[in-house]
Every structure is written in C-alpha cells, then in structure tokens.
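The values are calculated or read from the model by the stated rules, or taken from the named source; none is laboratory data. Keep in mind that this is a model prediction, so the values were computed, not measured. Cβ atoms come from the backbone with ideal geometry, glycine included; neighbour counts cover every protein chain shown. With ligands, DNA and RNA removed, areas are computed over all heavy atoms of the protein, side chains included. Shrake-Rupley method; radii C 1.70, N 1.55, O 1.52, S 1.80 Å.
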Amino acid sequence: MKVIYTDSLVIGGGLAGLRVAIASMQRGYDTIVLSLIPAKRSHSAAAQGGMQASLGACIKGEGDDEDVHFSDTVKGSDWGCDQDVARMFVNTSPKAIRQLSAWGVPWSRVRKGDREVVINGEKVTITEKDEAHGLITSRDFGGTKKWRTCFTSDGTGHTMLYAMDNKAIQMGIPVHERKEAVALIHEDGVCYGAVVRDLITGELIAYVAKTTTIATGGYGRLYSVSTNAVISEGIGNAIALETGIATLGNMEAVQFHPTAIVPVGILTTEGCRGDGGLLLDKDGYRFMPDYEPDKKELASRDVVARRMTEHMRKGKGVPSRYGDHLWLDITLLGRKHIEKNLREVKEICEYFLGIDPVNEYIPVRPTQHYSMGGIRTKATGESPTLKGLFSVGEAACWDMHGFNRLGGNSVAETVVAGMIVGEFVADYCAANPLNVSTSTIEHFIKLEEEKISTLLLREYGENPFELKAQMQKIMMDKVGIFRNGEDLTQAVEQLKILNQRARKIALRNRISSSNPELVEAIRVPKMIKLAQCVAYGALLRTESRGAHAREDYPQRNDRDWLKRTLTTWKDESSDLPEVFYEDLDVMKMEMPPGSRGYGVDNTIHHPDTEKRIKEIEEIKAAHPEADRYEMHDLLNPTPIPEKFKGKNERIGRGFK
Amino acid sequence: MSEQETMNEIKTVSAQETVTEPEAVSTQNTSAEPEKGNETERILKFQIFRYNPRKKGDKPRMVTYEITEAPGMTIFIALNEIREQQDPSIQFDFVCRAGICGSCAMVVNGSPTLACRTLTSKFPDGEIKLLPLPGFELIGDLSVNTGKFMRAMSERVESWIHDQDADKVNYDKLEERMDPDVAEQIYELERCVECGCCVSACATKRMRPDFLSAVGFIRLARYALDPRDKRSDEEFYEILGDDDGVFGCMTLLGCEDYCPKDLPHQTQIAYLRRKMLKVK
C-alpha cells in the first residue's frame, strides 16, 4: 500500500485550489495539489470576460464600492445566497485583484482622456480622468450597477491562472498531475485525505492529510451541451456525497449562459454584451428591450437566458439544422475593439464557425454554464458535517451565488474564497494533529481496489459511454432552463433506472493502467448520482428562484422556500438521495428580500421580511452618525479573517 | 494480437460503407444547389498512431479507423466518436475543446496543431493522419506529457515576478500603476498556452535535448518586458546566454510557423538576442 502524508491536500489545480495551496504553504504547512491535468490547463483558464472587484477606477465605475457590489450580488442570487459570505467576498475582492496584480497579471489599465464606447447600441464618448491613468480598469457586465469587471482582453482566466500557478511553482508547491481522487478517507466524522488513482499507471495511492480541500470545479458535463471543459464532471462533489456524511447544497441551481455558440456550446463572453453587443432575432430585430426595458441585454444571466428561450418559443429563433438559435451582433464594436478586447471570441468564431465576427453575426443559444450548487460549507469553507473536509470555488456551495451567479463573480470567487478559506485551512492544520489508524486507510484503499477489479473482471454488462450519453440527454431535455413537474418526475424516474444499470458496467478494454474506458466506468455512476441530486432537488423545489425556473410554479416563494437544499447519500444501495433544507434567516440579513427589478414582481413574501425592514430602519435611525462600515457591524457583523479586514482605497475617495 | 484483429474487422466494416457513399454524393450534387454539396456525408479515414508503453508486447503501429463525417466536425468530436463506438482504449487529451487550454496539440497530417479546433472539413481527401507530439514523453497513443516539460521549463526560467517586496505589498492600497500600452504588450506575450507545438516543430530542439525552445523564450521575453519583474539583464543572461538558450537557435522558425496563438516568436528571439548581446 502506497501512502503519501501531507498537512494540506488540495484536490484540483485551478485558481481556487492553487490559492488555497499557496495560503497553506505560506503559513508553513506541507501542501500537495492533485490534478487530473497540468494545472495551467484547468477550466479556470477558460474564464474570458473578467473578475468583479469594486475598484471604481474607470469613470463608469465611479461611486462603486463593496456595498454596491454586495447589493448586486445578493439581488443576482435572488436572495438565495449567504449574505455573510457575500459580504466577506465583496470586501476581499479588491485585495485579491491587487495581489494578483503584484503576482503578474497584466490587468488592462485606465487610459486618460476620451475614448469611444458603445452603450445601448449607440457610440458614446467617455472621458477617463487623468489621475486614474494606469490603474486597473473595468468593463460593464450583466446585472451590475457599475462597470466593475476587471479584465485582460478576453483572456482573464488564462492570465490569472498563469500568475497563480507561477506563484505556486515559485513556492515549490508540488502538483501531482494526472491523478484522480476516487474516494475520501474518513473516520468518526473526520476526513483524512483521499484514495487517489494514478491515471497513467493505474496505481491506487492513499494521500493522507490533516485537511482535504476539494476544488474540482462544477458539474456542467452532466448535460450533453455545456460551455464547461470536458473534465468538469463533478467528481469532487460526488466523492464528498459518497461519504454519506458531507452534504451538497442547492444542486438544482444550474446556470445557463445566454451566449454559447451553436452547435458546439463554446462560450462567447458576457463581455461581448458588456462592451455593447446586441442580441437579434431571425428578423434582425433587437428584442431584449421589449422584455427588459431597463437592463436590456445586460439583465442578469438567468433573465436573459429565459427571455431568449421565450422569444425562440414565439417562433422568432433562426432555424438551423441544430435547432433554433439567435444572433449575437458585435459588428457595431468595430475591428479595432474586437481584435484587442474580444480576440478569443474572434478566434473561436473563426475556427469553429468559419465566420469573422467583425462583419458577421454569431449564432448563439443559452447553454449550461455554471454550477451554483456544490459541497455545502460553512463561511470558513469547511463542511458543517465532515470535519477536516474543505471545499472552495465552483465545487463548493460556500454560497455567495444563491440561485444565480453574476458574470465576473466566479473567477472572483475562486481567488477570494481561496484566500479566505486558505487561512481557515491553515488554522485547522495548526489546531489538529493527524490521528488516523492505518487500518482505516487500508479499508478505503481495499474498497476501491475491489470496485476496480470487479469492473475489470465482469464479462458482460453496461457500456459506460452509453449510460453517460443517456444521462446527459435526460438532463438536457428535462432539467433545463424552464422546468416543470411532469418532466422532472420523468427525469427522476429515468435516472433511477440508470443508477441501477450503472452498477453493472463491463469493459471492453480490461487493463488496469492508463485506460480511458475504466476512467469513464469509475466516473459515470458518480455522475448519475449527482444528476439525481440536481433533478430531485429541482422536482421538490416548487417555486422559481434565480436560475431555477418552474413553469408550474412561476412565483418566487420566500414564505415556503427561502431555504437552502441539502442533499446526502447515506445508503449506498438506495436509488435516491436524501433531501432536506436549512432556512435562511431573514432577521440576520443586511439586505432583506425584495424585487430584482425584472418583469413583474410576483414574490410571495416571507413573514419576517417586513419585520426585518422595519428593524433596519430603526437601527439606521438610531445611529445617524454611523459610517457604512459601522453600519455593517450593526446590521450583520461578519467573521472576516484578521488579515483581510482592512478598508480598501479608491481613487478620489481614499479609504471612505 | 486479438486487439489487432479487432482493428482489421473495424477497417473492413467501414470500408464497405465507403463503396456505397460516393454514388449518393454525385446524385445529390447534380440536383441540389452548389452549397448543399458541403453537407453531403463522406467517410473520413483516420490513421492513428497506437502504442501503449505500459502494455506488455505492444508495438508502435498505425491503425485506420473510418467514421462518417458530421457537419462542423472537429478532430475532438471525431476522436471521441472513435473511442466511444470503435475502440475504447485509445488515449488522447482534451480539456477545454475550445482552443484555450493547450492540452490537445498533436501532429495532424504532418503539422503540429491544436486538434480540438481543427475542422475535418479542412482535409479535401478526407484522410487524416494523427501522431503524438514529438519531443515529449509518450504516455500512450496521442497522449504526451507536456505538463512535466512545462513545469520544468517554468522552474528553469523562473517564470514568476522577481521582486523582493512583492509579498510586502499592502493590498488595501491602490495598486501600482502601469502604462496601458505596456499592459497590452505583456498580455500579447502572455497568450502562450504551453501547447508544445513550438517545441515539436523546432529542429534545434531535436539536436540539443536541453534547448530551452520558443515557449521558454517567449516566457522570458514576457518577464523582461514587465516593469514589475526586477531581474537585471545579467540575471536573464544566466538563464539564456548559452547554446541551450537563445544563442543556440538556428532561426529555422518552426515555432513561428506553427504557433496556434500566432505569437511573435521571431521578434522575441531577436529581441532577447539583442538584449543579451548588451550584457558585459
């Protein structure tokens, strides 16, 4: 039995995982990162448009601060987020971006003087202030009051990931590549690392650690068409679920991005619309202002995706052999702008569509994009039920996104949560000795060995590729943008059958070392379980909130559903997860539930909402002298680590 | 050997299909308008390098697979179809499948390139030969260990900002300013995705196993340009200034020809040489 010991084990080498690794290493703890692939190839690299941080340096960002960012984030989440976490996040994001700047990210900068931009389809000249020259600039994104999204052209994730991985290399953090965690090791409610399969040799290795941080990204590949990388299969979430102890949060909260290209589903950034691009229908008509006269193309993602789908259902989509789509028009931005700020988009259009977006419209359709759900954690990043297990980034339900994530808030979450959770990981390493029996380690290794040898010995059985394709189709057809009870019931039943069939997978290529079919056979049963969590959670949630839109329950129902879905899988032989809920406490909210300002507000309110609004008014009236920082503490004090408590400086405003 | 037999079977089955297809193509072409011609199905013939160094007795060989082309098909889509429907053992690497992550470089009909964004329609005769990227450790079939190479490269060129004060920065305060043009120039060089095409296309690398290669040069040029990196020319010389560095380059510029991101390798190599000549 091969056993590797460390203090801080991080599963996943994207932005979030690397940032946690850096934090624990900086605090002096031995750290190992596991990755399926070279770290710089992680899906973080595909983030194009930018990272939200309220620096307020560019003229259209003037007046921005943590409070505005907080309000956008909470509204965007349809009040489904954890406001403590959202507050920690917005306060730390400006620090994270400045740190990355010192670590080498070539953020695009403010250039003083006049420049021409496109706003609401019109060319407008804006004038940047002399004193802001050379500071980090920002662009407009959906669902935000200010221009807050900081960027490097449309390769933001790439430059952030390169800077982060380079920092990790500088610090000598080992990244064990081509390793897949297939199970967690735990004893008496404490996690002690993972059973890991070497994807080249096939060897099973126990990585034993004080803390285990899952940073494996989202579960987009449960759907047949997704903007996600092919490795975003949710396996980190699944191994947490399979402990029967850790819980997953809000798995039914799945985001569809308005503008992925048809048919392959590759993303074109929200920056296209942020920079002035428009959505057009088959008649070349700009339809978004009819639906959302205020925010138009820059309404929140869930809203735009639904409006596009509605419009196509009215027969206004452009017919194609791959079904209907709409047009994204960025021609009005001009060649110079596209070649500088949207060059990845241009490359993608050229290579995959054979078109030049400088002159031609881009065929787009809403496509699965982001997983708001994930491993439920406390604000510290630790699982509330399985000690020593942490999760961070898209893999986690830290819960700053609730039921809809704002564009630019995901790469921001990876690095901000990485900073914050990284400190709590190090605290845990400091406070807890590693105390696990070798028989426990052996037990978990044996279990996985048995599973693999069963797969390699079975003569006849199910084909893992076929099972996966069937699961993906069910999710596409029945658990999509608009959902209803009938489809969801069918999805739940059909997935149950797949779950049973997935217990009888047989291989054609029966070798234990490097073997893509075996990898699939290990992953597919896990993916089906996750799909069941998503579908079942969606069926049970009889309301519409953020990206979870029920045609049969169109109202947001705070009275009955202002709560987070929690899912566990306690009994391996059962064919459905257990679902329960935790309430969000309105009386602690800094920002009580209200209207997002899209369409008709038909919310069924929570009885506490009015009470809390009144209470806040009273607190405000009683403390007229309190500045905005003192007011947070009065309304809802949040536990920000000491390191990140400082106020953030802004041009023309200081630390106010 | 049973695997080899299965391959032959596959080959025969697909070959039968090809016999009937061309006739269907010609009838459609005469009746429909010209553009429709592109949409008729054709059979693609993939010749793929197969070798699993971990399998006892396995020998390197080329195996042919035939599949029906679909509209908009990329090598990514084709290889997955081959794996799912014909041979589940075939190894290759894709991650983003959007030309962003650099995982899938391989030699396609003689040229190193990103397979994920290579459309099969580019090849008029429908014959596509795939080989693993040379210059890297082979994992199996089309999969090579670029990760190991790139990490070593990053360590060798010390691919990070060298500034003793970088960790003392107070992040609550305004960030250090940078000229907007300089930021853009750095991004231009930072667009490298470490795919390894330049390494595999480099004749000097073939002759000098420790040659740094264009991926290392462009990385160093990126840091040399960055005002945040405080390294002196002398320090860069230590890394670059020998025959395994920028003076070993024979200027055949396979890197420039095959870089999928169109990075300015030629200019940067010249820039580094001039910069290094100034040292001492």
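Could you tell me which residue of the stretch A:1-30 is surrounded by the most Cβ atoms within 10 Å (Cβ to Cβ), considering only residues that are touching a Cys at 6+ places or on another chain (Cβ under 8 Å) and closer than 26 Å to A:Val90 by Cβ?
Going residue by residue through the stretch A:1-30, those that are touching a Cys at 6+ places or on another chain (Cβ under 8 Å) are A:7-8, A:24, A:27, A:29.
The next check asks that each one be closer than 26 Å to A:Val90 by Cβ; those that pass are A:24, A:27.
Numbers: A:Ser24: 29, A:Arg27: 17.
Restricting to residues being touching a Cys at 6+ places or on another chain (Cβ under 8 Å) and closer than 26 Å to A:Val90 by Cβ, the top hit is A:Ser24.
How many of the residues in the stretch B:87-141 are within 14 Å of chain A (Cβ to nearest Cβ), free of Cβ contacts under 8 Å to residues at least 12 places away in the same chain and in a loop (DSSP other than H, G, I, E, B)? Walk me through how you get there before you give the answer.
We begin by selecting, within the stretch B:87-141, every residue within 14 Å of chain A (Cβ to nearest Cβ); these are B:87-105, B:108, B:113-122, B:132-133, B:136-141.
Next, only the ones that are free of Cβ contacts under 8 Å to residues at least 12 places away in the same chain stay: B:88, B:95, B:122.
If we keep only those that are in a loop (DSSP other than H, G, I, E, B) as well, we get B:88, B:95.
Adding up the residues that qualify gives 2.
Does A:Val33 count as part of a strand (DSSP E or B), modelled with pLDDT of 95 or more, open to solvent by 10 Å² or more (accessible area, probe 1.4 Å) and more than 10 Å from every other protein chain (Cβ to nearest Cβ)? Write out each step before concluding.
Values: part of a strand (DSSP E or B): yes; modelled with pLDDT of 95 or more: yes; open to solvent by 10 Å² or more (accessible area, probe 1.4 Å): no; more than 10 Å from every other protein chain (Cβ to nearest Cβ): yes.
When the stated conditions are applied, A:Val33 does not pass them.
For the stretch B:62-72, indicate whether the set of residues that are at the interface with chain A (Cβ under 7 Å from one of its Cβ atoms) and closer than 20 Å to B:Ser200 by Cβ is non-empty.
Within the stretch B:62-72 (the criterion being at the interface with chain A (Cβ under 7 Å from one of its Cβ atoms) and closer than 20 Å to B:Ser200 by Cβ), the answer is no, since none of the residues qualifies.
For the stretch B:155-185, which residues satisfy the criterion of being open to solvent by less than 60 Å² (accessible area, probe 1.4 Å), touching a helix residue (DSSP H, G or I) at 6+ places or on another chain (Cβ under 6 Å), at the interface with another protein chain (Cβ under 7 Å from one of its Cβ atoms) and not acidic (Asp, Glu)?
Result: B:Ser159, B:Trp160, B:Ala166, B:Tyr171.
In the stretch A:516-530, is there at least one residue being outside any helix (DSSP H, G or I), away from chain B (no Cβ under 14 Å), under 21 Å from the mean Cα position of the chain (by Cα) and surrounded by fewer than 23 Cβ atoms within 10 Å (Cβ to Cβ)?
No - not one qualifying residue is present in the stretch A:516-530.
Which of the residues spanning the stretch A:98-111 are facing chain B (nearest Cβ under 8 Å) and assigned to a helix (DSSP H, G or I)?
Within the stretch A:98-111, A:Arg98, A:Gln99, A:Ser101, A:Ala102 meet the criteria.
If you go through the stretch B:266-275 one residue at a time, do you hit one that is outside the structural domain of B:Val95 (by TED's automatic domain parsing), open to solvent by 10 Å² or more (accessible area, probe 1.4 Å) and in contact with a strand residue (DSSP E or B) (Cβ under 9 Å, 6 or more places away or on another chain)?
For the stretch B:266-275, residues outside the structural domain of B:Val95 (by TED's automatic domain parsing), open to solvent by 10 Å² or more (accessible area, probe 1.4 Å) and in contact with a strand residue (DSSP E or B) (Cβ under 9 Å, 6 or more places away or on another chain): absent.
Only one of these is touching a residue at least 40 places away in the same chain (Cβ under 8 Å), charged (D, E, K, R) and out of contact with any His (no Cβ under 9 Å at 6 or more places or on another chain): A:Lys451, A:Lys446. Name it.
A:Lys451
Restricting the first residue to the stretch A:165-180 and requiring it to be at the interface with another protein chain (Cβ under 9 Å from one of its Cβ atoms) and closer than 17 Å to A:Ser44 by Cα, which pairs with a second residue that is β-branched (Val, Ile, Thr) and in a helix (DSSP H, G or I) meet a Cβ separation below 7 Å and a spacing of at least six or different chains?
From the stretch A:165-180, the pairs are A:Lys167/A:Ile22.
Filter the stretch A:112-123 for residues that are within 11 Å of chain B (Cβ to nearest Cβ) and out of contact with any Ser or Thr (no Cβ under 8 Å at 6 or more places or on another chain) and give the result.
Correct list: A:Lys112 only.
Check A:Ala538 against each of (1) surrounded by 17 or more Cβ atoms within 10 Å (Cβ to Cβ); (2) within 30 Å of A:Leu457 (Cβ to Cβ) and name the one condition it does not meet.
So the condition that A:Ala538 fails would be (2).
Which of the residues spanning the stretch A:140-154 are farther than 13 Å from A:Ser54 by Cβ and within 14 Å of chain B (Cβ to nearest Cβ)?
A:Phe151, A:Thr152, A:Ser153, A:Asp154
Looking only at the stretch B:204-213, count every residue that is open to solvent by 10 Å² or more (accessible area, probe 1.4 Å) and closer than 21 Å to B:Gly102 by Cα and tell me the total.
Qualifying residue count, the stretch B:204-213: 1.
Residues being at pLDDT 95 or above and not in a loop (DSSP other than H, G, I, E, B): count how many of those fall in the stretch B:146-185.
17
Return the total of residues in the stretch B:50-65 being of a type in the set (Asp, Glu) and farther than 19 Å from B:Leu130 by Cα.
0
Just checking, how many residues over the stretch A:435-475 are within 18 Å of A:Leu222 (Cβ to Cβ) and in contact with a Phe, Trp or Tyr (Cβ under 7 Å, 6 or more places away or on another chain)?
2
Every residue, every condition in (1) assigned to a loop (DSSP other than H, G, I, E, B); (2) farther than 18 Å from A:Ala96 by Cβ, yes or no:
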| site | (1), (2) |
| --- | --- |
| A:Asp7 | no, yes |
| A:Ser24 | no, no |
| A:Ile37 | yes, yes |
| A:Gln48 | yes, yes |
| A:Ala57 | yes, no |
| A:Lys75 | no, yes |
